[in-house]
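To keep things clear, I will list the structure first and then write my remarks on it.
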Amino acid sequence: MHEMSITISMMETVKHSMIEHGLKQLKRLRIRVGALTAVEPQSLIFCFEIYVQGTPMEGATLEIENMPLMSKCRGCKKEFRIDEFYYDCPYCNSSSVENISGHELDIVSMEGE
């Protein structure tokens with residue numbers, strides 16, 4: 001389960017940011033997870049809840065924004081969502097496409113006091 005190592009790394013960043021901004025208690029953490037990251041959101045939530053126990057982050061809410069795999073056609077320049085393992089442009093059938101989202105694994109924001 002690589003979600004635990006991701007959680008540890010993410011929470012170390014949060015911990016440093018809390019110190020930097022003088023926060024004593026974390027209330028909410030928002031993250032963005034792309035479809036291609038192979039991160040299971042429920043496992044990430046589970047790991048987060050274990051990690052924060054007994055820390056100033058305990059009781060915080062983890063909000064996960066799931067980012068779909070989106071591509072852009074190099075030919076017709078239209079953007080489209082990829083729901084299946086079929087990457088051709090649905091507008092012009094070109095196979096010359098580039099992924100524009102789906103790789104994210106970012107901390108979006110955090111709230112605390």
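The values are calculated or read from the model by the stated rules, or taken from the named source; none is laboratory data. Keep in mind that what you see is a predicted model, and the values were worked out from it rather than measured. Here the Cβ is made from the backbone with ideal geometry for all residues, glycine too, and neighbour counts use every protein chain on show. Just so you know, the surface numbers come from the protein's heavy atoms only, side chains and all, with ligands and any DNA or RNA stripped out. Shrake-Rupley method; radii C 1.70, N 1.55, O 1.52, S 1.80 Å.
Within segment 1-36, the set of residues being within 18 Å of the chain's Cα centre (by Cα), of a type in the set (D, E) and open to solvent by 50 Å² or more (accessible area, probe 1.4 Å) comprises just one member, E12.
Matching residues to (1) outside any loop (DSSP other than H, G, I, E, B); (2) aliphatic (A, V, I, L, M); (3) on the phi > 0 side of the Ramachandran plot:
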| position | (1), (2), (3) |
| --- | --- |
| M4 | yes, yes, no |
| I8 | yes, yes, no |
| I19 | yes, yes, no |
| L23 | no, yes, no |
| V33 | yes, yes, no |
| M57 | no, yes, no |
| L62 | yes, yes, no |
| C76 | no, no, no |
| E84 | no, no, no |
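So for segment 47-55 (the condition being of a type in the set (A, V, I, L, M, F, W, C) and part of a strand (DSSP E or B)), does at least one residue qualify? Within segment 47-55, not a single residue is of a type in the set (A, V, I, L, M, F, W, C) and part of a strand (DSSP E or B). For D83, the conditions (1) closer than 17 Å to M11 by Cα; (2) modelled with pLDDT under 95 all hold with the exception of (1). Annotation note: of F80, F85, the sole residue that is of a type in the set (A, V, I, L, M, F, W, C), free of Cβ contacts under 8 Å to residues at least 24 places away in the same chain and surrounded by 12 or more Cβ atoms within 10 Å (Cβ to Cβ) is F80.
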